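The values are calculated or read from the model by the stated rules, or taken from the named source; none is laboratory data. Worth saying up front: this structure is predicted, and the values here are computed from it rather than measured. With ideal geometry, Cβ positions are generated from the backbone for all residues, glycine too; neighbour counts draw on all protein chains shown. Surface accessibility is based on the protein's heavy atoms, side chains included, excluding ligands, DNA and RNA. Shrake-Rupley method; radii C 1.70, N 1.55, O 1.52, S 1.80 Å.
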Amino acid sequence: MSRKKQLVLWFKDLGKSDVGLVGGKNASLGEMYRHLTKKGIRIPNGFAITSAAYQFFIIKTGLKKEIRKILKGLNTHDMENLSDRGRRVREAILRVELPTDLKRAIRTAYAKLEREYGKHCDVAVRSSATAEDLPDASFAGQQETYLNIRGAEAVIEATKKGFASLFTNRAISYRQDKGFDHFKISLSVGVQKMVRSDKASSGVMFTLDTDSGFRNVILINGSWGLGENIVQGKVTPDEFIVFKPTLQKGFKPIIKRQLGDKNIKMVYANLRIHANAANANRQPTKNVPTTESERTRFCLTDKEALELASWGVLIEKHYGKPMDMEWAKDGLTKQLYIVQARPETVVSRKDVSKLETYELRKRGRELTTGMAIGAKIGSGKARVIFNVKQIGKFKPGEVLVTDITDPDWEPIMKIASAIVTNRGGRTSHAAIVSRELGIPAVVGTNNATRVIRTGQGVTVSAAEGEKGKVYAGILPFTVKAVDLKKLKRPTTKVMMIVAAPDRAFTDSFIPNDGIGLLREEFIAAAWIKIHPLALIKYPKLKDRRAVKQIDELTVGYRDKKEFFVDKLSQGIGMIAAAFHPKDVIVRLSDFKTNEYANLIGGKEFEPHEENPMLGWRGAARYYDPEFEPAFALEVKALKRVREKFGLTNIKVMVPMCRTVEEGKKVISLMARHGLRQHKDGLEVYVMCELPANVVLAEEFAKVFDGFSIGSNDLTQFTLALDRDSQLVSSVGNENNEAVKWMLQTAIAKAKKAKRKIGICGQGPSDFPELAKFLVKQGIDSISLNPDTVLKTTLVILEAEKER
């Protein structure tokens, strides 16, 4: 019998060209089993019940004619019509017995699998459409998966259910909308040995960032137990992000590690053998609450996350395109496995040469927040739906608000202006579908269905960073589109000012020459939130409220100091990775005493100062015996980014360095804590933000490798204008002649000393004439906020023409 007519084919006999025979999932499993197991990637064995078997079934039993008759007059936009016809097709399929020849083939294959894995071995039964994961359509998740299936008769029954799942309401609707003929799509069923992740963990893995499309990372989501809860959005999973370029050089670049709540896990419901079809109808899995220990620790070790990431790189190289994979850890053997892989078909097709930005023109009352998906804004009347049976009430253009979604919700998701869910993470069903549909979503809010009312006007913003926000009212917003292919690059380097790690991957697509100023303060305030000395002196803290807050934020960290180092290194690492291999200049912490005092536990360690702008900040803090232990943690984080993550594109910059002697002290102190100037190319810059830095620029140039003009502070100290005082804010700005003399002199002296010099203040963004002035003086780089890069680049190009 030819391969095309065979009813069962083993993974070892399949490859990626066999989609027509066994569907996308099974063809990919065969491809990996044949070619990647020899490279060390573990894939459980199994077999595919072919599309020929499906066609044999529906023709032999007369079902094809019956299904065609039922679907005549189908209207997928009429929920009742779609639901009724889908139900009748599925019932028709489930009424009919599989042909004898097909049953025999399944029994024979399962018996062979038993010889490899043991009597009554547990298997996963997954349906796989023959058009699944084509470039124009992702059928993933539209057909059913059955876990912990044991015994040949249970496999036969699950196979029939898999065939019926080709006609779920969502699958019918999706095919109709994409223009696929229902009878040119066949279904194959994969039968694969289960990995006992019910006793460990499982999840999904992508070889790109699923929000921005950034290609240089591996994104891993994981939770305890079987993996269905992650896909269905029932848990907020742990998240790991690994940087591919340095991973392949032997580094350990986990640049983000975020703990999810993981409040439930899916486990085996029973281990009895399903000897007949009646027993097969019993639920083979169930959800149980996780323990406090499971909720407060990661479901993977760093070593395991790096092993998975290295497999992701190998799989992506083999297929030559970004991939979407499912992984599982066996709790009995403690080994990791890949159980599915398919090309990623949504974000990877995004045209990165077209930059589209959404911005609210005003903000309303914040109703709830969650994880932002899609970097867009949508608005409309809210429709709160608790049950899929209520979807008939949904109207086009409304905002869908619900607990979680699954594939049954897709007929209304495609007509929603935005989606908001209580539960789910970045790889949940709601997140995946909203990306595919191109609509914004905010997932994992915990309370959306409680705080939003049906009929209420709302605006859903996924365009403000990692945190998505839902506002009361229908708010105005703007959409700007730029064709980056038409934008010329100036000779003067156009760098960026960044602070938020969660926006770094998206901002990296803006034309740039690297990061001229990475502000550590944002990471400290938004990611860490705790004063470093409060972590160092945690056992002796007097503020009991601060102790309680620290305990909540540092769950899983026995050493509280490690929390600071971990979070800071990851925040810097995310940004350095996003712009690698371009320069990323990291300014050391420059909080003032009043700002440090506002961090958790900070009031115990910060003095009151009448004018913090002129006080204990910048370099003077680092070598002070009171603060040096905190500075040591900062240096440790930077060292980790360079040496463990392999991100040697970062440079260090010292702020508020009042004297040359201070500069020498800080560089010596950094070396004492393991971060040595010029080792592995490490350059140390100084902020040129004080008149003293300009006056003694030649001397500072002997200590530092470059300058970055902080025009905000240089203006403040040149004109004696307190930046925090509105009373004198109108007196002057960067266009003042005295300030411009300082700028001109600093640039000239740096050039004479053969030192790089750039500017990282607000001035060039606010005043185009100042940007032109700086270009004419020969400045090396101008650093800008991301939202002003395109506009100011045009000004710089014009200035270079005039020069």
**Asked** How many residues does the range 73-99 contain that are open to solvent by 30 Å² or more (accessible area, probe 1.4 Å), within 28 Å of V155 (Cα to Cα) and either of a type in the set (S, T, Y) or not in a helix (DSSP H, G or I) (or both)?
**Response** 3
**Message:** Here is a list: K754, K749. Which entry is assigned to a loop (DSSP other than H, G, I, E, B), under 25 Å from V654 (Cβ atoms) and either of a type outside the set (V, I, T) or in contact with a strand residue (DSSP E or B) (Cβ under 7 Å, 6 or more places away or on another chain) (or both)?
**Reply:** K754
**Asked** What number of residues in the range 1-39 are open to solvent by 10 Å² or more (accessible area, probe 1.4 Å), touching a residue at least 12 places away in the same chain (Cβ under 8 Å) and outside any helix (DSSP H, G or I)?
**Response** 4
**Asked** So is K65 of a type in the set (D, E, K, R), open to solvent by 60 Å² or more (accessible area, probe 1.4 Å), free of Cβ contacts under 8 Å to residues at least 40 places away in the same chain and within 17 Å of D181 (Cα to Cα) or not?
**Response** yes
**Message:** Can you tell me which residue is nearest to Q777 (Cα to Cα) among those in the range 500-525 that are in contact with a Leu (Cβ under 7 Å, 6 or more places away or on another chain) and part of a loop (DSSP other than H, G, I, E, B)?
**Reply:** P511
**Request:** Would you mention how many residues in the range 510-538 are out of contact with any Ser or Thr (no Cβ under 7 Å at 6 or more places or on another chain), among the hydrophobic types (A, V, I, L, M, F, W, C) and under 19 Å from I796 (Cβ atoms)?
**Result:** 2
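Residue-by-condition table, conditions (1) at pLDDT below 95; (2) not hydrophobic (A, V, I, L, M, F, W, C):
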| residue | (1), (2) |
| --- | --- |
| Y174 | yes, yes |
| V189 | no, no |
| Q192 | no, yes |
| K199 | no, yes |
| Q232 | yes, yes |
**Request:** Working carefully through the options D713, D722, find the one that is in contact with a helix residue (DSSP H, G or I) (Cβ under 9 Å, 6 or more places away or on another chain), among the acidic types (D, E) and either in a helix (DSSP H, G or I) or without any contact (Cβ under 8 Å) to a residue 40 or more places away in the chain (or both).
**Result:** D713
**Asked** Of everything in the range 779-790 that's under 29 Å from the mean Cα position of the chain (by Cα) and not aliphatic (A, V, I, L, M), which residue is modelled with the highest pLDDT?
**Response** S783
**Prompt:** Assuming L102 fulfils every condition listed in (1) at pLDDT below 95; (2) open to solvent by less than 50 Å² (accessible area, probe 1.4 Å); (3) not charged (D, E, K, R) apart from one, which condition is it?
**Reply:** (1)
**Item:** Out of V739, V684, sole residue that is under 25 Å from I497 (Cα atoms) and either under 36 Å from the mean Cα position of the chain (by Cα) or in contact (Cβ under 8 Å) with a residue 40 or more places away in the chain (or both)
**Value:** V684
**Fill in**
Filtering the range 397-432 down to residues that are open to solvent by 10 Å² or more (accessible area, probe 1.4 Å) and hydroxyl-bearing (S, T, Y) yields S417
**Asked** So, of the residues in the range 521-565 that are among the charged types (D, E, K, R) and either over 28 Å from E643 (Cα atoms) or open to solvent by less than 10 Å² (accessible area, probe 1.4 Å) (or both), which turns out to be nearest to the chain's Cα centre (by Cα)?
**Response** E552
**Message:** Looking at T793 and the list (1) more than 20 Å from E359 (Cβ to Cβ); (2) modelled with pLDDT under 95; (3) part of a helix (DSSP H, G or I), which single condition is not satisfied?
**Reply:** (1)
**Asked** Given the structure, is K772 under 26 Å from V652 (Cα atoms) and among the basic types (K, R)?
**Response** no
**Prompt:** Quick check: anything in the range 224-236 free of Cβ contacts under 8 Å to residues at least 24 places away in the same chain, within 30 Å of D408 (Cα to Cα) and surrounded by fewer than 24 Cβ atoms within 10 Å (Cβ to Cβ)?
**Reply:** no
**Message:** Which condition from (1) more than 30 Å from F298 (Cα to Cα); (2) hydrophobic (A, V, I, L, M, F, W, C); (3) open to solvent by less than 50 Å² (accessible area, probe 1.4 Å) is the one that F509 breaks?
**Reply:** (3)
**Complete:** Taking first residues from the range 72-85 that are closer than 11 Å to I172 by Cβ and second residues anywhere that are in a loop (DSSP other than H, G, I, E, B) and of a type in the set (A, V, I, L, M), the pairs with Cβ under 9 Å that are 6 or more apart or on different chains are N81/L74; L82/L74; R85/L74
**Message:** Checking I254 against (1) at pLDDT 95 or above; (2) surrounded by fewer than 22 Cβ atoms within 10 Å (Cβ to Cβ); (3) touching an Asp or Glu at 6+ places or on another chain (Cβ under 8 Å); (4) not acidic (D, E), only one condition comes out false. Which one?
**Reply:** (2)
**Request:** Just give me the residues in the range 536-585 being assigned to a helix (DSSP H, G or I) and among the charged types (D, E, K, R), in sequence order.
**Result:** K540, R544, R545, K548, D551, E552, K560, K561, E562, D566, K567
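Yes or no, residue by residue, for (1) touching a Leu at 6+ places or on another chain (Cβ under 6 Å); (2) among the hydrophobic types (A, V, I, L, M, F, W, C); (3) within 20 Å of E734 (Cα to Cα):
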| residue | (1), (2), (3) |
| --- | --- |
| K752 | no, no, no |
| K772 | no, no, yes |
| S781 | no, no, yes |
| T788 | no, no, yes |
| L797 | no, yes, no |
| E800 | no, no, no |
**Meets criteria (crowded, with 18+ Cβ neighbours inside 10 Å and not in a strand (DSSP E or B)) for E626** = no
**Message:** Restricting to the range 577-623, name every residue that is open to solvent by 40 Å² or more (accessible area, probe 1.4 Å), touching a residue at least 24 places away in the same chain (Cβ under 8 Å) and within 29 Å of S781 (Cα to Cα).
**Reply:** H580, P581, K582, D583
**Complete:** Restricting attention to the range 385-419, the residues that are under 14 Å from A448 (Cβ atoms) and of a type in the set (S, T, N, Q) number exactly 2
**Request:** Would you tally the residues in the range 719-736 being within 19 Å of A771 (Cα to Cα) and at pLDDT 80 or above?
**Result:** 4
**Prompt:** Cβ-Cβ below 7 Å, separation at least six or inter-chain, first residue in the range 123-149 and modelled with pLDDT under 80, second acidic (D, E): which pairs?
**Reply:** S138/E436; F139/E132; F139/D133; A140/E132; A140/D133
**Prompt:** Just wondering, is there one or more residues in the range 606-621 that are in contact with a Leu (Cβ under 6 Å, 6 or more places away or on another chain) and under 28 Å from E552 (Cβ atoms)?
**Reply:** no
**Item:** Residues (open to solvent by 10 Å² or more (accessible area, probe 1.4 Å), more than 22 Å from S711 (Cβ to Cβ) and in a loop (DSSP other than H, G, I, E, B)) located in the range 657-693
**Value:** H673, G674, R676, Q677, H678
